[in-house]
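*Asks:* Quick one: this structure, given as structure tokens, is what I'll be asking you about.
Quick note: the coordinates plus some simple rules give every number you see, no bench work behind them. The model shown is predicted, which means the values in this text are computed figures rather than measured ones. Cβ placement follows ideal geometry from the backbone for every residue including glycine, while neighbour counts extend to all protein chains displayed.
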Amino acid sequence: MAVLCALCSIGLMVKSAELNIGWIEGKGPGSGAWPFWLSAGMLLVSCLTMYRWFRGITPESRSTELYITRDSLLVVGISAGSILFLLVATHIVGIYFALLLFLLFYLRFVGHHSWLLTVVLMVGIPVFIFCLFEWALKIPLPKSFTEPMFYPIYDLMYS
Amino acid sequence: MSTIFNKSGKLMLSAVLAVATAFGVAGTAQAEWSPKKPVELIIMAGTGGGADQIARLLQGLIEKKNLSPRPFIPINKPGGSGAEALRYLQDKSGDDHTVLVTLNSFYTTPIIQDIGVDVTTFTPIGRMALDNFLLWVNTDMSDITDLDSYVATVKAKGKEWKVGGTGSGQEDSILTAMMEAYFGYEVTYIPFPGGGTVAKNLVGNHIDSTVNNPAEQNEFYRAGNTKPLVQFTAERLPAYPDIPTAKELGHPIEYYMQRSINGPPGMSKEAQMWYIDLFETLFNSEEWQTFCVEDGLACESFLKGDELGAYHQTEIAKHKDLIEKVGAAAITGE
Amino acid sequence: MESIVALLVSGILEAMQPTNFIMIVLGCTIGLLVGAMPGLGSVNGVAILLPITFLVPPTAAIIFLAAIYYGAMYGGAISSITLGIPGASTAVATVFDGRPLAQSGKADRALIAAAIASFIGGTISVILFTLFAPPLAAFALKFGPPEEFALMVLAFATFIGLGGDDIPKTIFSILIGLVLAAIGLDIISGQPRLIFGDISGFLHGINFLVLAIGIYGIGEMLWTLETTKGDVTVHKVRMSARSLMNNLRDIRQYIGTTTLGSVIGYFVGTLPAAGATPASLMAYGLAKTFSRDPDSFGKGNVSGVAAPEAGNNAASTGSMLPMITLGIPGSPTTAILLGGMIIWGLRPGPLLFSEHPDFVWGLIGSLYIANLVTVLINLAFIPVFVKVLTLPFTILAPTIYILCVVGGYAPTQTMHDVWLMFLFGIVGYLLRKLNYPVAPAVLAIVLGPLAERSLRQSLLASQGEMSIFVERPISAVCMFLALALVSYPVIRKFLNKRRSNGG
């Protein structure tokens with residue numbers, strides 16, 4: 001991980017170097033100086049962490065446990081994967097239908113809740129989100145191509 | 001207030017009913033165009049600034065006067081001196097439910113940064129106001145009484161003279177660069193996050209002078225903390241009858257900031273007409289005109305549609321010239 | 001003095017008028033609920049309800065908006081404690097101890113501490129506001145860029161020791177936060193900076209909430225899932241009059257830090273550039289530094305909830321001061337309040353106090369009332385919020401994820417930020433597994449832009465001379481205090497060692 005961090009730092013340094021990283025006489029640091037030296041600092045501490053790892057100073061480097069076990073990968077993977085799915089689906093079918101599918105999956109197949117509870121929440125939560133954001137707070141959420149379906153609701157809301 | 005909350009129960013119910021029927025029927029056909037969903041009112045600056053205030057005032061007036069069947073929702077996209085807002089509008093090409101409230105970064109940002117947006121393709125709707133600029137110093141500077149003594153002092157001080165502004169590439173930095181080029185002096189320009197903060201730093205003597213809009217300085221002027229030296233307008237503003245314009249003193253420096261409403265490229269003709277009507281009504285409203293007078297804005301004429309488009313063309317040409325003359329480097333400071 | 005009392009009484013009477021009082025109750029309730037939603041803060045509530053206030057008289061309108069602002073400050077703590085996601089940037093420090101308390105089944109204790117501390121913070125600051133508004137406004141004017149930078153250094157100094165024991169990893173976390181904060185537009189040169197792949201979403205920089213929700217909402221959630229293997233034990237929390245009394249008795253434990261936090265919060269809040277978030281962070285940092293038991297912070301210390309809550313409430317009152325007297329918003333919310341005042345024809349500025357005393361004192365009076373009303377509403381709602389925690393995990397988890405997603409979307413309304421949030425969540429989780437502390441990164445992203453800007457403004461003003469920070473009295477004092485704070489734990493350790501050696 002520290003190796004990755006060090007690589008990121010180098011990347012950031014290069015990116016910052018596109019701007020003026022020097023000290024402009026009479027004006028103070030240029031616009032790239034701040035992120036450049038910060039990333040340089042990141043590189044330095046990452047190297048330090050790597051060194052400590054090789055020397056086995058930190059407890060993680062001495063632990064013989066696997067970084068991630070199969071079980072925890074499954075548990076974490078399901079959650080992370082379902083959020084990923086939620087985001088991708090939002091782009092395709094809009095947030096409300098994405099929420100519907102996300103809840104269906106999570107409640108029914110992960111939580112093994114009854115169909116009744118699943119359906120109630122599946123419909124209830126998107127409706128609640130809709131009322132709160134679109135109606136009360138007036139923050140339109142992304143709807144993608146399902147947008148026209150909401151026109152009649154707007155008709156009722158604002159008439 | 002209370003009426004809205006009384007309605008809430010009914011609305012909630014109807015919203016739920018609507019979800020049930022939504023899948024069957026699409027929107028009903030209408031003779032004249034009007035928004036079918038909430039309209040996004042994009043602000044190319046952050047919360048609390050001049051553009052933001054205007055957007056929120058307009059939103060409030062639309063609601064108060066019941067001018068639109070759907071609400072207007074202000075959204076701030078201040079990123080990259082408005083570059084983010086311009087890109088957003090570009091991506092919304094052909095959309096009839098997005099309009100943009102502009103400042104002059106509408107012209108300058110695409111010139112200074114390469115963001116791949118041509119603002120002349122945007123759909124012009126209407127110009128709501130022109131904002132003015134004055135040169136301000138702290139009243140403690142008793143030996144500076146007019147433009148001549150100001151220029152003399154600045155020349156003597158050179159780089160030690162600190163001019164505050166709202167950011168490199170913003171209107172006041174362009175005006176500052178114009179003055180530097182014209183009078184042949186060089187100052188240190190310090191950017192702050194907003195006009196109000198600039199004013200505070202001027203009152204606290206952390207900066208020596210600034211070119212601010214009247215609205216940002218008026219209260220400090222009335223309290224006797226700051227004083228204007230010169231106006232960069234064609235005529236003296238009614239609020240400052242005793243302050244000369246630069247033109248009167250023989251210096252042809254004039255600069256304004258437009259506040260206009262524009263749609264994304266390719267907005268439908270019908271929608272454009274509807275928005276023009278709406279904003280013209282707002283422009284002529286008593287509330288808007290009072291606001292203009294109080295804020296020192298010029299709101300004599302409403303430029304609409306193609307007139308505004310032509311105005312944008314000339315302003316872009318002017319800004320290109322200006323930026324070329326003073327050099328983009330003088331504005332961005334690098 | 002007498003005149004102040006008379007004006008204050010008339011102000012409170014003004015606030016007690018039926019319309020105004022209804023406005024206060026409504027505003028506090030709405031604010032509380034909006035504030036409790038992750039990602040939504042007082043800005044949303046105030047911005048959305050601003051147009052509605054055209055329908056009532058200006059005094060009632062500003063009272064309504066101020067009440068929302070106040071209520072949201074209380075509300076932010078609720079999601080920080082019950083869900084472990086900071087409801088608003090001002091409530092991030094509340095998560096540090098609020099979350100561990102809730103996980104060990106003491107959510108009620110944390111919520112009550114937050115409510116009481118908010119009340120104390122609000123009351124102290126509103127009293128300070130009443131007594132010392134004009135001199136403090138004059139003092140705020142003395143704060144230029146060098147002073148702001150010195151204050152930021154002081155703020156960073158209060159966080160020393162917030163991270164874990166692994167110093168390189170803590171530093172890495174701070175630095176990555178600072179770098180993330182640098183993304184977007186460089187205000188000094190007006191150039192875009194660190195824009196990856198020409199994606200326009202990076203132009204607005206990385207919103208603090210995106211990082212905070214990602215790390216706490218998603219990252220910590222995954223971490224909890226893994227450590228418990230998906231079998232999260234639910235802590236039943238029972239609320240009774242007796243436990244309420246017991247919890248109220250806790251006050252003695254945190255009254256000291258709360259008072260300190262309130263005074264600091266108010267003071268930092270009055271400085272136009274700072275606002276409530278640094279204030280609450282500083283209050284937390286100081287509470288930890290001066291605590292007898294600093295190691296318990298971050299593991300569920302009630303003072304760790306009370307101090308930042310007192311700080312942010314005090315600061316929210318404090319930030320009204322520059323708004324009213326200077327016309328400068330101390331926070332995004334006050335920026336919108338300010339816009340509202342201008343729309344109603346009230347010009348904030350040095351003359352407002354003398355030209356519209358009814359309005360100003362009505363507002364101050366309403367702050368007293370709003371504070372009282374909010375604490376009562378909040379205490380009444382606590383049993384409901386605690387109930388949330390008893391939901392089965394497989395219902396709570398997806399709900400939290402959904403709140404994170406819509407909460408990440410709402411502030412800027414771009415999917416770009418939601419994706420970033422998801423990314424931060426995953427990265428935060430992976431780093432967390434390797435014992436990288438994440439809190440310093442969150443702090444750094446809040447203070448980074450302020451620190452960089454004021455540093456560079458100062459250097460522009462001094463033409464590159466670093467000495468500007470020690471030549472000016474206020475900044476010199478701040479720098480000295482920062483130095484003292486950094487060395488304080490070291491000195492204390494040294495003294496303790498000597499004492500134990502001697503004895």
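*Asks:* Using packing as a proxy for protection, rank B:33-45, C:16-28 so that the peptide with the highest average count of other Cβ atoms within 10 Å comes first. Provide the component values of the computation, followed by the final result.
*Replies:* Values: B:33-45: 21.1, C:16-28: 19.5.
Ranked by mean Cβ neighbours within 10 Å, highest first: B:33-45, C:16-28.
*Asks:* Still on this structure: Counting alpha carbon pairs within less than 8 Å and at least 6 residues apart, what relative contact order, in whole percent, applies to the range B:137-255?
*Replies:* Details: 166 pairs, mean separation 32.8, N = 119.
This gives 28 percent for the range B:137-255.
*Asks:* Over chain B, what is the relative contact order in whole percent, taking alpha-carbon pairs under 8 Å and six or more residues apart?
*Replies:* 24
*Asks:* Further question on the same structure: Classify the range B:229-330 as rounded, prolate or oblate, taking a ≥ b ≥ c as the square roots of the eigenvalues of its Cα gyration tensor: rounded when a/c is under 1.5, otherwise prolate if a/b is larger than b/c and oblate if not. Please list the in-between numbers first.
*Replies:* Details: a/c = 3.11, a/b = 1.30, b/c = 2.40.
Since a/c reaches 1.5 but b/c is at least a/b, the shape of the range B:229-330 is classed as oblate.
*Asks:* What is the packing order of peptides A:92-99, C:387-394, C:404-411, A:109-116, taking the mean over residues of other C-beta atoms within 10 Å and listing the highest first?
*Replies:* Packing proxy ranking, top to bottom: C:404-411, A:92-99, C:387-394, A:109-116.
*Asks:* Here's another thing I want to ask about it. Would you tell me the mean number of C-beta atoms belonging to other protein chains that fall within 10 Å of each C-beta in A:79-91, as a whole number?
*Replies:* That average works out to 5.
*Asks:* May I pose another question? How do the peptides B:307-319, B:117-129 rank, highest first, by the average count of neighbouring beta carbon atoms within 10 Å per residue?
*Replies:* Values: B:307-319: 15.4, B:117-129: 21.3.
Descending packing order for the listed peptides: B:117-129, B:307-319.
*Asks:* At 4 °C and 1.567 mPa s, what whole-number value in µm²/s does Stokes-Einstein give for the translational diffusion of the range B:137-255, with Rh from the Kirkwood sum over Cα pairs?
*Replies:* My calculation gives 90 µm²/s for D.
*Asks:* Could you work out the per residue convex hull volume over the alpha carbons of the range C:48-147, in cubic angstrom?
*Replies:* Per residue, the Cα convex hull of the range C:48-147 comes to 153 Å³.
*Asks:* I've got another one for you. Evaluate peptide B:51-59: per residue, the Cβ atoms of other protein chains within 10 Å of its Cβ; return the mean as an integer. Display every interim value, and only then the final one.
*Replies:* Details: counts 0, 5, 7, 2, 1, 8, 7, 1, 4.
The shielding value for this peptide is 4.
*Asks:* Could you calculate the contour length gain from C:Asp358 to C:Val490, that is, 0.36 nm times the residue separation minus the distance between their Cα atoms, to one decimal place in nm?
*Replies:* 42.3 nm
*Asks:* May I pose another question? Helix-only mean residue ellipticity at 222 nm, chain C, DSSP H runs n ≥ 4 weighted -39,500 (n - 2.57), per residue, nearest 500. What is it? Could you put the intermediate results ahead of the total?
*Replies:* Details: 23 runs with 366 residues, N = 503.
For chain C, the value works out to -24000 deg cm²/dmol.
*Asks:* Would you mind giving the mean number of other chain beta-carbons within 10 Å of the Cβ of each residue in C:213-221, as a whole number?
*Replies:* Counting Cβ atoms of other protein chains within 10 Å of each residue's Cβ and averaging gives 1.
*Asks:* Over chain C, what portion of Cα pair distances is larger than 42 Å, expressed as a whole percent?
*Replies:* 14
*Asks:* In percent, how large is the relative contact order of chain C, given Cα pairs closer than 8 Å and 6 or more residues apart?
*Replies:* Relative contact order of chain C: 28 percent.
*Asks:* Within chain B, what percent of beta bridges assigned by DSSP are antiparallel, to the nearest 5?
*Replies:* Bridges in chain B are about 60 percent antiparallel.
*Asks:* Looking only at the range B:51-79, which residues have a backbone nitrogen under 11 Å from a spot 7 Å from the Cα of C:Leu55 in the C-beta direction?
*Replies:* Of the residues in the range B:51-79, B:64 have backbone N under 11 Å from the label point off C:Leu55.
*Asks:* Give the calculated FRET efficiency between C:Phe132 and B:Glu254 to the nearest 0.05, with a Förster radius of 51 Å applied to their Cβ-Cβ distance.
*Replies:* So the FRET efficiency works out to roughly 0.70.
*Asks:* Modelling each spin label as a point 7 Å along the Cα-to-Cβ direction, I'd like the B:Glu300/C:Met245 distance in nm, to one decimal.
*Replies:* 7.7
*Asks:* So what are the range B:103-157's ellipsoid semi-axes, whole angstrom, largest first, if each one is the square root of 5 times an eigenvalue of the alpha-carbon gyration tensor?
*Replies:* Working: eigenvalues 290, 52, 12 Å².
Taking √(5λ) for each Cα gyration eigenvalue gives 38, 16, 8 Å.
*Asks:* Holding the Cα-Cα limit at 27 Å, pick out from B:Lys64/B:Lys318; B:Lys159/C:Lys142; C:Lys433/C:Lys497; B:Lys162/C:Lys142; C:Lys106/C:Lys433 the pairs that are longer than that. Walk me through the intermediate numbers first.
*Replies:* Working: B:Lys64/B:Lys318 38 Å; B:Lys159/C:Lys142 23 Å; C:Lys433/C:Lys497 34 Å; B:Lys162/C:Lys142 16 Å; C:Lys106/C:Lys433 25 Å.
Pairs exceeding 27 Å: B:Lys64/B:Lys318; C:Lys433/C:Lys497.
*Asks:* Here's a follow-up. Can you pull a Stokes-Einstein diffusion coefficient for the range A:70-158 at 25 °C (0.890 mPa s), Rh from Kirkwood over Cα pairs, as a whole number of µm²/s?
*Replies:* Calculated translational D: 173 µm²/s.
*Asks:* Sort largest first and round to whole Å: the equivalent ellipsoid semi-axes of chain B, each the square root of five times a Cα gyration tensor eigenvalue.
*Replies:* Values for chain B, descending: 41, 22, 18 Å.
*Asks:* Using the Karplus equation 6.51 cos²θ - 1.76 cosθ + 1.60 (θ = phi - 60°), what ³J(HN,Hα) coupling, rounded to whole Hz, does each residue of the range C:255-264 give in order, writing x for Gly and Pro?
*Replies:* Using θ = phi - 60°, the values come out as 4, x, 4, 5, 5, 4, x, 5, 5, 4 Hz.
*Asks:* Can you compute the modelled spin-label distance between A:Leu132 and C:Arg252, with each label point 7 Å from Cα toward Cβ, in nm?
*Replies:* The modelled label-to-label distance comes out at 4.0 nm.
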